[in-house]
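These notes concern the structure reproduced below.
All of the numbers you see were taken from the coordinates with simple rules; none came from a lab. Note that the structure is predicted; figures quoted are calculated from it, not measured. We place every Cβ from the backbone using ideal geometry, glycine too, and count neighbours over all the protein chains shown.
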Amino acid sequence: MFSKFILNTIFLFSVLIVSAQTDSGEKMNINLIKVKNNIYMLQAKGGNIGLSFGNDGVFMVDDQYADGIEQIQNEIKKVSDKPVRFLVNTHFHGDHTGGNPAMAETGTVIFSQENVRNRLQDVIAKETKKISEEALPVITFAEDLTFHFNGEKIYVFHVHNAHTDGDSMVYFTGSNVLHTGDVFFNGKYPYIDIENGGSLKGYIAGLDRALLIINEDTKVIPGHGDVGSYKDLKDTIEMLSILYKRVNNLYLNNKTEAEILEMADLTKEYDDEGFGDGFIKTDAFLKMIYKEVSQEASEGAEERAAKNKEAMKKYKEIEKKLKEKEKN
Ligand SMILES: [Zn+2]
C-alpha cells in the first residue's frame, strides 16, 4: 500500500538530485522539484516532465527521450509505488515523447491532441527515426479533455498552431499548476516549428488563452527552463508581440533579412536579459519571425491578386453586357 507517511516524508525534500546512467552510458542528472502540493516537475535531458502523485496513482505530462526513460521511471518509483496510469504528450517532439513505448509497456495509457498522433505516425512511416508503433497515443482529442484524478480536475486543452499544430497545455486546477508544453520557454526565445504547423501568431494566441484560464497565483511548468509565473507568461507575450511588430515594420520598409539581423538594437533589451542564451539564439529567432512575416505578406499579396482578378472578370462581363445592349 501507498503510505501517506512516506509520501509526506518525500515531499519534505523539495528538490531531489540524483545521477543516473543512461543506456548510452552518459551521465544524466535528474532534478525532481516540488511545484505545489503533490505536483512535481522533473528535469533531466529533454522537455520538463509534470507529475501528480496521489492515491489514484501517478499522472504524467511528457516523458523525454527513450534513452533516459528507465532512469526517470526509477525516479518516479522512489516517490510512489503506484503505477503511472495516464500520460499526456504536450506535442510530438522526441524530447517530449521518446519515452512513450517504455511507458506503454508498463500499462500507462497515453493521451494527446489528434495531430500529435498524426505527426508521430508520419515519423514512423518515414522511418527517419527508429520508433515503434507503441509510441502512438491511444486516446486522442480535438479540443480538450478533463481528468478527475488525485482529488482534482486536470484540464487538458489544445492551443492551435503555436509551437506545432498539436500543442496542449495541462492545468491542474486544484493545485493551480499549469504545464505549458513548449508554448513557453521560460526566459528564452522559443523554438517555433513552422514546418509542423507552428506559428508565432498562434504561439502568442496560445499564451493569451493560458492567461484567461490561470490566475496570478498559478505556478507554471514551462516546456524548458525553470518554474515560472503568470507574470512570466505575460512578459513573454509582450516580448514576442514587440519583436513581431518590429520585424514586421522593418519588412514593410523593405529591409532584408540580412539587414535586420545586423540590427543589434532590435533585440537588445531581451538579449541583455539572456533571452538569446538558450537553444534558440537571437539570429535564429529573428530569422523565424522574418520567415513568418514574409510568408504572411506573400499570402496577403496572393489574396489581393486573386480578388483583383475576380473584380476584373466581373467588370469585363458588365462591359460585354453593355455592348450587347448598345447593339440591340
Ligand atoms: Zn518541442
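Quick look at the values:
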| quantity | calculated |
| --- | --- |
| Qualifying helices (runs of 4 or more DSSP H) (wholly inside the range 73-182; at least 2 residues being hydrophobic (A, V, I, L, M, F, W, C) and either surrounded by 16 or more Cβ atoms within 10 Å (Cβ to Cβ) or out of contact with any helix residue (DSSP H, G or I) (no Cβ under 9 Å at 6 or more places or on another chain) (or both)) | 100-105, 114-126 |
| Close pairs (6 angstrom Cβ cut-off, 6 or more residues apart or separate chains): buried (at least 19 other Cβ atoms within 10 Å of the Cβ) in the range 234-254, assigned to a loop (DSSP other than H, G, I, E, B) and not polar (S, T, N, Q) anywhere | none |
| From 178, 211, residue being closer than 30 Å to residue 56 by Cα and touching a Phe, Trp or Tyr at 6+ places or on another chain (Cβ under 6 Å) | 178 |
| Residue list for the range 27-71, filter: in contact with an Asp or Glu (Cβ under 8 Å, 6 or more places away or on another chain) and of a type outside the set (Gly, Ala, Ser) | 30, 32, 42, 45, 48, 49, 64, 65, 67, 69, 70 |
| Answer residue from the range 85-114, given it is aromatic (Phe, Trp, Tyr) and over 12 Å from the mean Cα position of the chain (by Cα) and is nearest to the ligand (Cβ to nearest atom) among those | 111 |
| Any pair with Cβ under 6 angstrom, 6 or more apart, that starts in the range 36-50 at a residue that is farther than 22 Å from residue 217 by Cα and ends at one that is more than 15 Å from the ligand (Cβ to nearest atom) | 43/31; 44/28; 44/30; 44/68; 45/28; 45/68 |
| Residue count for the range 183-201, restricted to those that are among the aromatic types (Phe, Trp, Tyr), in contact with a strand residue (DSSP E or B) (Cβ under 6 Å, 6 or more places away or on another chain) and assigned to a loop (DSSP other than H, G, I, E, B) | 0 |
| Residues of the range 32-53 classified as charged (D, E, K, R) and more than 16 Å from the ligand (Cβ to nearest atom), total | 2 |
| Residue check for residue 266: among the aliphatic types (A, V, I, L, M) and either in contact (Cβ under 8 Å) with a residue 40 or more places away in the chain or surrounded by fewer than 17 Cβ atoms within 10 Å (Cβ to Cβ) (or both) | no |
| Members of the range 201-232 found to be under 16 Å from residue 168 (Cα atoms) and aliphatic (A, V, I, L, M), listed by number | 204, 205, 207, 210, 211, 212, 213, 214, 220, 221 |
| Search result, residues across the range 264-319 that are in contact with a Lys or Arg (Cβ under 8 Å, 6 or more places away or on another chain) and either among the β-branched types (Val, Ile, Thr) or not in a helix (DSSP H, G or I) (or both) | 274, 278, 279, 280 |
| Pick from the range 156-198, criterion among the small types (Gly, Ala, Ser), over 29 Å from residue 54 (Cβ atoms) and within 14 Å of the ligand (Cβ to nearest atom), ranking: farthest from the chain's Cα centre (by Cα) | 197 |
| Criterion (touching a Pro at 6+ places or on another chain (Cβ under 9 Å) and of a type in the set (Gly, Ala, Ser)) met by exactly one of 274, 278, 300 | 278 |
